[in-house]
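K.L.:
If you scroll down you'll find the structure; I have some questions about it.
The values are calculated or read from the model by the stated rules, or taken from the named source; none is laboratory data. Because the structure is a prediction, the values reported are computed rather than measured. As a convention, Cβ positions derive from the backbone with ideal geometry for all residues, glycine included, and neighbour counts pool all protein chains shown. To get the accessible areas, we keep the full protein, side chains included, count just its heavy atoms, and leave off ligands, DNA and RNA. Shrake-Rupley method; radii C 1.70, N 1.55, O 1.52, S 1.80 Å.
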Amino acid sequence: MNFSLEQLLAFVAVYDELSFSKAAVKLNKHRTTIGQVVTNLEDQLAVTLFERIGRSVVPTEDGELLYHYAKQTIEQARTLDKVALSLSYGGLESVTIAYPSFVPHKVLSDLRTQLAQDFPLMRVNFLVRGKAEIIKGMEEGNIHFGIVNSHDSKAMHSFDSTFLGHIEFVPFVKRNGKYSEIPTDKTRAAMANSRQFILRSFVEEGMKQKVLLSSEYEEVDQLALVIKLVGEDLGWSLLPKMLTESDYATDKIEILKVSELIEGFKFGVSLWSLHSKQLMDIKKSVLKVLYHYVEQMRKRRF
């Protein structure tokens with residue numbers, strides 16, 4: 001290898017900022033230094049990475065191709081650094097698990113029970129966070145595990161990612177409420193003209209248009225509150241099908257059968273974790289619980 005990590009960092013920063021000056025500020029370096037580092041990298045690779053037009057910087061076709069490989073190399077180097085650092089520490093006294101609001105409390109309570117059994121002295125913190133907040137928290141080392149909606153997750157990061165499967169969301173209404181009397185072939189039209197409660201996490205992650213089926217809708221941050229509102233017959237909502245197995249007061253709500261909806265809306269879910277030797281056994285316990293619920297979801301049918 002005839003290039004350094006410093007050169008790759010400079011190349012990626014200039015590419016992202018389209019400016020040597022902005023890249024220098026980002027890396028806390030002098031502009032001249034960044035320019036020289038990138039020039040040296042071009043000489044070593046025998047490839048022109050940028051077209052310099054006055055103060056403007058435009059990536060070449062070769063630069064665009066190498067950018068993605070450079071980012072991957074940087075992330076792998078960061079992962080190596082984190083793993084090596086973790087080897088010098090002992091067991092963790094506490095871990096923090098972040099999750100989106102649509103995860104049922106039963107999943108979390110079972111997860112806590114499993115961790116209490118496997119690691120009785122360890123403290124476990126649970127935080128409701130969106131994907132962007134989880135990424136930030138993990139990058140800062142404040143969050144150890146993140147249960148994330150992996151819909152349209154394209155960003156490269158240095159986390160360990162395990163795809164769990166899909167969670168199915170189906171329409172829920174009040175049990176024996178006003179929707180129960182509507183024929184199944186007319187329920188879709190009734191939904192489109194009735195109040196829909198949308199979990200805020202869907203909106204924050206750019207999925208609003210995929211789950212919005214009614215012109216009359218309200219955004220709600222907490223899953224428990226949505227269940228309460230639906231149970232009072234104030235509207236309907238797309239909720240995790242696994243709610244029928246959770247510890248919520250779901251006796252007041254039921255799945256609405258819709259002839260035009262053979263299956264519910266399915267979204268991928270992943271477990272992100274930091275690369276750390278101390279987290280390896282903890283991760284096994286976490287995955288044991290999460291895989292159980294995903295498997296239960298696969299077995300269920302309307």
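K.L.:
Please work out which one of (1) among the aliphatic types (A, V, I, L, M); (2) within 26 Å of LEU127 (Cα to Cα); (3) modelled with pLDDT of 85 or more is the condition MET297 fails and give its number.
P.N.:
Going through the list (1) among the aliphatic types (A, V, I, L, M); (2) within 26 Å of LEU127 (Cα to Cα); (3) modelled with pLDDT of 85 or more, MET297 breaks only (3).
K.L.:
State which residue is modelled with the highest pLDDT when the search covers only segment 70-87 and only residues that are over 15 Å from VAL14 (Cα atoms) and in contact with a helix residue (DSSP H, G or I) (Cβ under 9 Å, 6 or more places away or on another chain).
P.N.:
Across segment 70-87, the extreme among qualifying residues is THR73.
K.L.:
In segment 189-215, what residues are open to solvent by 80 Å² or more (accessible area, probe 1.4 Å) and either more than 21 Å from ILE147 (Cα to Cα) or basic (Lys, Arg) (or both)?
P.N.:
Within segment 189-215, the first condition is being open to solvent by 80 Å² or more (accessible area, probe 1.4 Å), and the residues that meet it are 193, 200, 204, 209-210, 215.
Scanning segment 189-215 gives ASN193, ARG200, GLN209, LYS210, SER215.
K.L.:
Is segment 27-42 home to any residue that is closer than 18 Å to LEU65 by Cα, free of Cβ contacts under 8 Å to residues at least 40 places away in the same chain and not aliphatic (A, V, I, L, M)?
P.N.:
Looking only at segment 27-42, we keep the residues that are closer than 18 Å to LEU65 by Cα, and these are 38-39, 41-42.
Subsequent filtering for residues that are free of Cβ contacts under 8 Å to residues at least 40 places away in the same chain retains 38-39, 41-42.
Filter once more, keeping what is not aliphatic (A, V, I, L, M): 39, 42.
Yes, because at least one residue in segment 27-42 is closer than 18 Å to LEU65 by Cα, free of Cβ contacts under 8 Å to residues at least 40 places away in the same chain and not aliphatic (A, V, I, L, M).
K.L.:
Confirm whether ASP247 is farther than 21 Å from LEU213 by Cα, exposed (fewer than 14 other Cβ atoms within 10 Å of the Cβ) and modelled with pLDDT of 75 or more. Break it down into steps so the answer makes sense when it comes.
P.N.:
Values: farther than 21 Å from LEU213 by Cα: yes; exposed (fewer than 14 other Cβ atoms within 10 Å of the Cβ): yes; modelled with pLDDT of 75 or more: no.
Judged against the criteria, ASP247 is not a match.
K.L.:
Which one is least open to solvent (accessible area, probe 1.4 Å) among residues in segment 61-75 that are without any contact (Cβ under 8 Å) to a residue 60 or more places away in the chain and closer than 19 Å to LYS22 by Cβ?
P.N.:
For segment 61-75, the residue satisfying everything is GLY63.
K.L.:
Can I ask one more? Those residues that are in a loop (DSSP other than H, G, I, E, B) and of a type outside the set (Lys, Arg), I need them from segment 177-210; list them, please.
P.N.:
From segment 177-210, those in a loop (DSSP other than H, G, I, E, B) are 177, 182-186, 193-195, 205-207; that's our starting set.
Those that are in a loop (DSSP other than H, G, I, E, B) and of a type outside the set (Lys, Arg): GLY177, ILE182, PRO183, THR184, ASP185, ASN193, SER194, GLU205, GLY206, MET207.
K.L.:
Since ARG175 meets every condition but one in (1) open to solvent by less than 20 Å² (accessible area, probe 1.4 Å); (2) more than 13 Å from VAL269 (Cβ to Cβ); (3) over 13 Å from the mean Cα position of the chain (by Cα), which condition does it not meet?
P.N.:
(1)
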